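J.: There's a structure below that I have some questions on.
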Amino acid sequence: MKMKIFAAAAALAMSFICASTMAFAQEQEPPDMLEIAENEADRLQRLLELNEGQVFYVDSTLKHDYQAMQEEMMKLQAAKVSNSSMYISVQDKWMEAIDRSYKKIFTEEQWAAYLKSGAAKLQKAREKRKAKAEAALEKLRGR
């Protein structure tokens, strides 16, 4: 029961991040990425029982990577890119970087709990999108 709640919370947090990023990409008010990073670090601290050092690294990672992702989205927006898959690709790239950092920060038990909380499903969705994009690229090259 607790894992279902954690999975729902993780999915909700990732959905909020994705929605915030996509809303910004659609010329709305930019989300406060520092606040989102702090909230996510707090959520992970409660979920995974992170120590203070881990929370510091998670918070630093999120603040850096969310800001970098937002800047990359702004560049796409400035270039008037309307293809949503481009924005999703940028988001996926940064979320993969965050997960790589988490794997270094978390213990094996914390990493397993993180994956069970919904992250594994999000990783599979990113892998599926990446494979689909690569297949489409190969198809174009084959023509």
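The values are calculated or read from the model by the stated rules, or taken from the named source; none is laboratory data. Given the structure is predicted, the values throughout are model-derived calculations rather than measurements. Positions of Cβ are backbone-derived with ideal geometry, glycine not excepted, and every protein chain shown enters the neighbour counts. All accessible areas refer to the heavy atoms of the entire protein, side chains included, with ligands and DNA or RNA removed. Shrake-Rupley method; radii C 1.70, N 1.55, O 1.52, S 1.80 Å.
J.: Out of GLN91, GLN70, I need the residue that is within 23 Å of ASP32 (Cα to Cα) and touching a residue at least 60 places away in the same chain (Cβ under 8 Å). Which one?
T.: Answer to the selection: GLN91.
J.: Do we have LYS124 as out of contact with any helix residue (DSSP H, G or I) (no Cβ under 8 Å at 6 or more places or on another chain) and in a loop (DSSP other than H, G, I, E, B) here?
T.: Working: out of contact with any helix residue (DSSP H, G or I) (no Cβ under 8 Å at 6 or more places or on another chain): yes; in a loop (DSSP other than H, G, I, E, B): no.
The answer is no for LYS124.
Condition check ((1) farther than 20 Å from GLU35 by Cβ; (2) within 15 Å of the chain's Cα centre (by Cα); (3) without any contact (Cβ under 8 Å) to a residue 60 or more places away in the chain) across all residues:
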{"site": "VAL55", "(1), (2), (3)": "no, no, yes"}
{"site": "VAL58", "(1), (2), (3)": "no, yes, yes"}
{"site": "TYR66", "(1), (2), (3)": "no, yes, yes"}
{"site": "ILE105", "(1), (2), (3)": "yes, no, yes"}
{"site": "LEU115", "(1), (2), (3)": "yes, yes, yes"}
{"site": "GLY118", "(1), (2), (3)": "yes, yes, no"}
{"site": "ARG126", "(1), (2), (3)": "yes, yes, yes"}
{"site": "ALA135", "(1), (2), (3)": "yes, no, yes"}
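J.: Where in region 31-109 are the helices (runs of 4 or more DSSP H), entirely inside, with at least 2 residues that are open to solvent by less than 70 Å² (accessible area, probe 1.4 Å) and farther than 29 Å from ALA131 by Cα?
T.: Result: 33-48, 52-78.
J.: Which condition number in (1) modelled with pLDDT under 95; (2) under 15 Å from the mean Cα position of the chain (by Cα) is the one that GLU27 fails?
T.: For GLU27, the exception is condition (2).
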